[in-house]
Every structure is written in C-alpha cells, then in structure tokens.
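Below: the structure, in structure tokens.
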Amino acid sequence: MSIRILLLILFFTQPVAAQLERKLAVEDGDVDLIFHAPRHINLLTVEPMAKKDLHFAIMHTFGTLDGGIRNLYGLDNGANIQFSFEYGISEKFSLGVARSGLDKFYNLYGRYHLVAQRNDDRIPVSISLMGGAGVNTSDYSFLPAGNPEFKDRTSYAAQLMIARKFSDRLSLQISPSMAYFVNPLEVYQIQGDQQLFLAVGISSKYKITGKSSLTFQYIPNLNSDLRNNIGLGIDIEAGGHVFQMYFVTSPALNEQYLLAGGNGVPGEEFRIGFNVNRIFATGKR
Amino acid sequence: MKRVFQLIIICFITTLAEDAFAQVYKTEKGKAEFLSKAPLNEFVGTSSNLNGLIDVDKNLVDFFIDLNTLKTGISLRDKHMRENYLETKKYPFSEFTGKFKTLPKFDQKNHDEVFVVGVFKIHGVEKQVEIPASVQKTSSNELAFESKFVIKLSDYKIAIPKVVFYELAEEQEVTISGVLKK
C-alpha cells in the first residue's frame, strides 16, 4: 500500500510545465517617499536625491489674507520669492544654493543623509543633517552708518531632521533647528533682535489620494517669545513636478529667517504660499 | 516486490532523462525597457532584471520582472512611479505566461518571427494578449529573443491624472530582449 503511494508521489513529482518562481530582485530596501519632495512647505526634509540629480524649487509667499478680496487675499502685495538649486553630489550628500527676495538673501546649504528608514524597520527613522550659510545683500547706503560689513550681513542655520513614515498615509518629521545671525540689525527684515534662535520644526504629511497629501508645519520657538510659525496646505504630485500650496504665518523662506519671527496671527494673517519642485537628471548614468 | 523497485527506478531514470534532454532555456538578466512618449515629455525606463523561461517541449513561455528594478534616470520620478502608478508594494511583478502560437523552427541561421499568446499581468490586472516576438537559436544551448509591444495604461487600471496627461503617455512602448541559456 505504502509503495503505491510512493509510486504516486514519484509520478506526480515528475517535471510538469513549471513556471518560474516569482521572487523580488531586492528584498526590503529603504522606505520610499517619506515626503513628496526635498521641501515641505518652508522646511527641508529627509527626502534624498540621487547622485547627479538637480532639484529646482521656486517658492513664493504673498501678503496677508486680511486685505481681503480688494488685495486679492495678499496676492497684490507682491511675493517673497526664493529660487533654489540643489545638486546631488552623492547618494548621501547634496549641496544647494538659494536666493530669496526678502533682504536679497543668498544662502549656501547642504544636506547629509545619515541613515534611511528601512521597509523591514531595522532602521525605524531617516535622519539627515542640514547646514547653511547665508548673506543679506540689500543696499543699506541710506543708513547714517553706511552699509554694514560683509560679516555683519551673514547668518547661519543648522537642522537635525528625524523623520518616519508611519504608514502609506502618515509621515512625520521633527527638526530641531538653530539660526545664528552675526549682527541682527534692526533694518533687517527679521522681527527678533537676538543672535541665536532655537526652534523645533514639526512637519507632517497625510496622504489623501494616490498623488496628493495634506501638509502641516509647526515651528515652536524655544528661546524667544516670538509668535510660532504655523503652516498648512496641500502637496500635489504631477508627473515629475510637486506642487505645494499652503497657508503660512511667515513670509520667510530660508532656514535662517524662518526662525527669526515675523509670524502673523494664524487665520486672518495667514499668507498664501506656493512652491513648485522639479527634479532634473544631469549627466548620463 | 521486484517489479515495484523496477518501476521506481524507471521513474527516477525518466525524471533524470527529462532534466538532461529537456529544452528548457532560462535567464535572470534579460532587458526590459519602456518608452513613454507624451507631448511634453519623453522618457525611458530600463531594467536588466527580466526573468524568462522558454520550455520548448512543453511549449511554455514564462516571463516576469520585479518592477522595483525599473529606473528612469530621475530617482524621484522612479519613486513616484512605484508608489503612485505601478503600486509596487501591492503588485511588485509584471508577468507573462503563455505559449507560442506556432512553435518556432529554432533554425540557427534565421530568426523566427512568431506570436506568443497568453496572459499578461501588471498592476494586479490580467489580460489575454497576443504579442509578436523574434527568437533565434544562437548556439546549441542559447536562445536569443526580442519582443516589442504596447501597453495601454488604462487597460491595467493605471490612471493618469489630467494634469499629467502631457507628461506621461497613455500608451507605453515596451521592448524586452535577452539571451536564454539551457
């Protein structure tokens, strides 16, 4: 009896029309798209760039909403505009240059990605560092003291970014941040008068459809009584572009000015903001 | 009892023999490429991780690819493609299983222009297809193949939002090629 069973087994294990076994080429890589783009409202994210990728972002914040329809909700007040180009030197490190209209400010910055969150959760968070050095190039020759020296126009920023994609929908980033102004003159378009500003940036993304997310940012100050920055908006990913539309309390777009106050009351003093992100490939791979 | 043993031995031998003489060709390094030709943007995605099998005796043609291996040259675009369009977390593979409509001659001098019929699957949607292919036996244990076909994204429930219409083509031209080895 058992021999018959054995024969049956042998018969059925003869090769039959066998398909290939479906197996993944790479098991469990890094988590993709914690955020839609390297920028999220006004803060940088842990979203890395590949080597030789060029990220172009154009960001705007307009006037406050409280002018109403007569001022087209702040659009008539003109915009603070920042252009930035960030280039992937390697998979881990990218270098960028940005110019914002407010105080004609040039900023040189870099992002370094220490670790990336993994699908198997062996590394539960992505951690990146950001550092920046900037200079205000406005003309102050009208001042009795004349134009400030170059050194007095400079400011620096540093951020530690810790982010996690909790689910396909929800991502969160905490960014302990600092900004240091060598000489925060009153004439500069910053509200605070101290040199060092400390704050924690909180960014979140909640996906509502396959290609769009609700976004939120909150930047409580740690060492000043200035009003905190709040922003909320929507990210839309559209074939290579990421459009980001939001309401935010501050016109500032660079990492230094963002921490130095100037926030309006959330609600009537919100400003409309609009970013376009685009990534280009340069060189041949 | 003796006859039973003889039977077992025959079974074993035929199993071995089928392995030795079977006309099974395989590869794990085939090339796959898609071309998206939209009015405002044209781009190519490639992978060299196409897995394929052609079993001549059983007339079985079986291919699959891990869609995570497709690269378009811009990492953010790859990520958007995986997460929003192909949804590779849910549907990591694109597959084809079928057979030759008429078995090729496998003449070493000329390549055979043939059709394969079977089921193509991507984004979790299966569709009966007939695809032109070219195969040639390049040596006693190698089989070269190439095939070009068009995938209509809407056939496989891959939606293109209206704002992306000018950047992403509804019809993707796919080319696969490679050398299968015995």
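Key figures
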read-out: Strands (runs of 3 or more DSSP E) completely within region A:182-285 that count 3 or more residues being of a type in the set (Val, Ile, Thr); value: A:196-209, A:229-238, A:271-281
read-out: Test: residue in region B:111-126 that is modelled with pLDDT under 90, over 18 Å from B:Ile65 (Cα atoms), touching a strand residue (DSSP E or B) at 6+ places or on another chain (Cβ under 7 Å) and not in a strand (DSSP E or B); value: yes
read-out: Residue among A:Glu186, A:Glu237, A:Glu255, A:Glu268 that alone is at negative phi, among the acidic types (Asp, Glu) and within 14 Å of another protein chain (Cβ to nearest Cβ); value: A:Glu237
read-out: Cβ-Cβ under 6 Å pairs, at least 6 apart or on other chains, region A:130-153 side more than 30 Å from A:Glu47 (Cβ to Cβ), far side of a type in the set (Lys, Arg); value: A:Ser138/A:Lys104
read-out: Qualifying residue in region A:10-23 (condition: at pLDDT 75 or above, surrounded by 12 or more Cβ atoms within 10 Å (Cβ to Cβ) and among the aliphatic types (A, V, I, L, M)); value: yes
read-out: Residues that are closer than 10 Å to B:Ala169 by Cα, assigned to a strand (DSSP E or B) and not aromatic (Phe, Trp, Tyr), drawn from region B:25-49; value: B:Leu35, B:Ser36, B:Lys37, B:Glu42
read-out: Residue in region B:102-121 that is nearest to B:Phe145 (Cα to Cα), counting only those that are within 13 Å of another protein chain (Cβ to nearest Cβ) and surrounded by 15 or more Cβ atoms within 10 Å (Cβ to Cβ); value: B:Gly118
read-out: Test: residue in region B:88-101 that is facing another protein chain (nearest Cβ under 8 Å) and over 19 Å from the mean Cα position of the chain (by Cα); value: yes
read-out: Residue tally, condition facing chain A (nearest Cβ under 7 Å) and in a strand (DSSP E or B), over region B:56-70; value: 4
read-out: For B:Arg82: the one exception among (1) surrounded by fewer than 19 Cβ atoms within 10 Å (Cβ to Cβ); (2) in contact (Cβ under 8 Å) with a residue 24 or more places away in the chain; (3) out of contact with any Phe, Trp or Tyr (no Cβ under 9 Å at 6 or more places or on another chain); (4) not in a loop (DSSP other than H, G, I, E, B); value: (2)
read-out: Sole exception among (1) part of a helix (DSSP H, G or I); (2) at the interface with chain A (Cβ under 7 Å from one of its Cβ atoms); (3) at pLDDT below 90 for B:Gly73, by number; value: (1)
read-out: Pair list, Cβ under 7 Å, 6 or more apart: region A:53-79 residue within 14 Å of chain B (Cβ to nearest Cβ) and under 30 Å from B:Arg77 (Cβ atoms), other residue polar (S, T, N, Q) and assigned to a helix (DSSP H, G or I); value: A:Asp53/B:Ser75
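Here is a yes/no grid of residues against (1) free of Cβ contacts under 8 Å to residues at least 24 places away in the same chain; (2) under 20 Å from A:Gly63 (Cβ atoms); (3) not charged (D, E, K, R):
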| site | (1), (2), (3) |
| --- | --- |
| A:Leu172 | no, no, yes |
| A:Phe181 | no, no, yes |
| A:Leu185 | no, no, yes |
| A:Asn221 | no, no, yes |
| A:Gly233 | no, yes, yes |
| A:Met245 | no, yes, yes |
| A:Glu255 | no, no, no |
| A:Val276 | no, yes, yes |
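The values are calculated or read from the model by the stated rules, or taken from the named source; none is laboratory data. Just so we're clear, the structure is a prediction, and the values are computed from it rather than from any experiment. FYI the Cβ positions are ideal-geometry reconstructions off the backbone, even for glycines, and counts take in every protein chain you see.
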